[in-house]
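Trainee: The structure is given below, and queries will be raised subsequently.
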């Protein structure tokens, strides 16, 4: 083609450049001054923070959210880790303040049994229903007993009628 | 037995319908979260005061009290402000304020302009006490019993209905016990 303004090698390299940059587009909302100096500790903080719900924007983690409250919880989380809390202890300290709802992945509790087991239970129920249905279908099509004399007479009469 | 199976869809419909009907009620707000702090001891705090005295948790024991988180920058707080004034002046409810992430001058100006319903106001400038209480937005109002345990939390501006149907009966019950 002659009307093409952009050579294909250029278009391709631009595309490749975009694809290479794509992973960096998803930036966390963590501000530089919140970060811990120790990269290992900061990595732990991010790992915990991405499992915690921001209660203002409810479907974002605190690491993703720009809300003031998310900032406060991020800072609190990092303070807890700095004072030597384990991951579980730090997470628990925040759950104690905000409840289980703060965890993006709901824990296995009596209150969440329906959530965890409901789909599986529905699937099992479905299988049972299909099983029943298949069985009832087989029963209705099979011949359990031969016709008695009266039924045979009636069948013959009907067949005879159809022949005429 | 087989007949009963045919009732299953109807049953499912009723369960789902009930669930949806609940969500459609005008007073249902999915953003209101139950507090994790209910029946637990209120977190420890000792704040500098807006007026002369500071506000510390241990000074509040000895009777049911209300703690109201507010801020001068918070619009819904102004909505509930007249109600708080009425609670303090007419019902003589011991109401304490925590000024959340605010400049003291701004809070002082607010109280000078609209009236001051609080016995004392603590300054929570960095929001740390709010964080310990599990506050996720102002205004929030907490009812503490005489042992300093949190008995109830109201999220968002208090309404006259909440005051009449929930807050005042609760305070009355707490005073008796």
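Trainee: From A:159, A:131, A:155, A:115, grab the single residue that is loosely packed, with under 10 Cβ neighbours inside 10 Å, modelled with pLDDT under 95 and out of contact with any helix residue (DSSP H, G or I) (no Cβ under 9 Å at 6 or more places or on another chain).
Mentor: On the way: A:131 fails: loosely packed, with under 10 Cβ neighbours inside 10 Å; A:155 fails: loosely packed, with under 10 Cβ neighbours inside 10 Å; A:115 fails: loosely packed, with under 10 Cβ neighbours inside 10 Å.
Just one listed residue meets the conditions, A:159.
Trainee: Residue A:58 - would you say it is within 14 Å of another protein chain (Cβ to nearest Cβ), over 26 Å from the mean Cα position of the chain (by Cα) and free of Cβ contacts under 8 Å to residues at least 40 places away in the same chain?
Mentor: no
Trainee: Within the range B:139-168, take every residue that is more than 14 Å from chain A (Cβ to nearest Cβ) and assigned to a strand (DSSP E or B) and give me the one that is surrounded by the fewest Cβ atoms within 10 Å (Cβ to Cβ).
Mentor: Checking each candidate, the answer is B:149.
Trainee: Exactly one of these conditions fails for residue B:86: (1) out of contact with any strand residue (DSSP E or B) (no Cβ under 9 Å at 6 or more places or on another chain); (2) within 14 Å of chain A (Cβ to nearest Cβ). Give me its number.
Mentor: Of (1) out of contact with any strand residue (DSSP E or B) (no Cβ under 9 Å at 6 or more places or on another chain); (2) within 14 Å of chain A (Cβ to nearest Cβ), only one is false for residue B:86: (2).
Trainee: Residue under question is residue B:3, and the condition is that it be over 21 Å from residue B:130 (Cβ atoms), within 14 Å of another protein chain (Cβ to nearest Cβ) and more than 19 Å from the chain's Cα centre (by Cα); does it hold?
Mentor: Taking the combined requirement at face value, the residue satisfies it.
Trainee: Quick check on my filter: what residues within the range B:76-110 are without any contact (Cβ under 8 Å) to a residue 24 or more places away in the chain and within 21 Å of residue B:60 (Cβ to Cβ)?
Mentor: Matches in the range B:76-110: B:92 only.
Trainee: Select from the range A:101-111 the residues that are surrounded by 13 or more Cβ atoms within 10 Å (Cβ to Cβ) and in contact with a helix residue (DSSP H, G or I) (Cβ under 8 Å, 6 or more places away or on another chain) and list them in ascending order.
Mentor: Listed by number, the residues that qualify are A:102, A:103.
Trainee: A follow-up question, please. Going through the range B:89-116 one residue at a time, which ones are in a helix (DSSP H, G or I) and either within 15 Å of the chain's Cα centre (by Cα) or under 14 Å from residue B:51 (Cβ atoms) (or both)?
Mentor: Scanning the range B:89-116 gives B:104, B:105, B:107, B:108, B:109, B:110, B:111, B:112.
Trainee: Within the range A:24-44, is even one residue modelled with pLDDT of 90 or more, closer than 24 Å to residue B:39 by Cα and touching a helix residue (DSSP H, G or I) at 6+ places or on another chain (Cβ under 7 Å)?
Mentor: no
Trainee: Answer yes or no: is there a residue in the range B:54-69 that is outside any strand (DSSP E or B), within 14 Å of the chain's Cα centre (by Cα) and within 30 Å of residue A:100 (Cβ to Cβ).
Mentor: yes
Trainee: When residues of the range B:117-138 are filtered for being touching a residue at least 60 places away in the same chain (Cβ under 8 Å), outside any strand (DSSP E or B) and either out of contact with any strand residue (DSSP E or B) (no Cβ under 6 Å at 6 or more places or on another chain) or within 14 Å of chain A (Cβ to nearest Cβ) (or both), how many remain?
Mentor: Qualifying residue count for the region: 8.
Trainee: Same structure, new question: Residues that are within 14 Å of chain A (Cβ to nearest Cβ) and over 16 Å from the mean Cα position of the chain (by Cα): does the range B:45-52 have at least one?
Mentor: yes
Trainee: Consider residue B:114 carefully, then state whether it is in contact with a strand residue (DSSP E or B) (Cβ under 9 Å, 6 or more places away or on another chain) and either within 30 Å of residue A:100 (Cα to Cα) or more than 14 Å from chain A (Cβ to nearest Cβ) (or both).
Mentor: Details: in contact with a strand residue (DSSP E or B) (Cβ under 9 Å, 6 or more places away or on another chain): no; either within 30 Å of residue A:100 (Cα to Cα) or more than 14 Å from chain A (Cβ to nearest Cβ) (or both): yes.
No: the conditions fail for residue B:114.
Trainee: Among the helices (runs of 4 or more DSSP H) lying completely within the range A:68-164, list those that include at least 2 residues that are within 13 Å of chain B (Cβ to nearest Cβ).
Mentor: On the way: elements: A:68-82, A:87-98, A:113-141, A:149-163.
Those helices (runs of 4 or more DSSP H) span A:68-82, A:87-98, A:113-141.
The values are calculated or read from the model by the stated rules, or taken from the named source; none is laboratory data. All values derive from a computational prediction rather than experimental measurement. All Cβ positions, glycine included, derive from the backbone under ideal geometry; neighbour counts span all protein chains shown.
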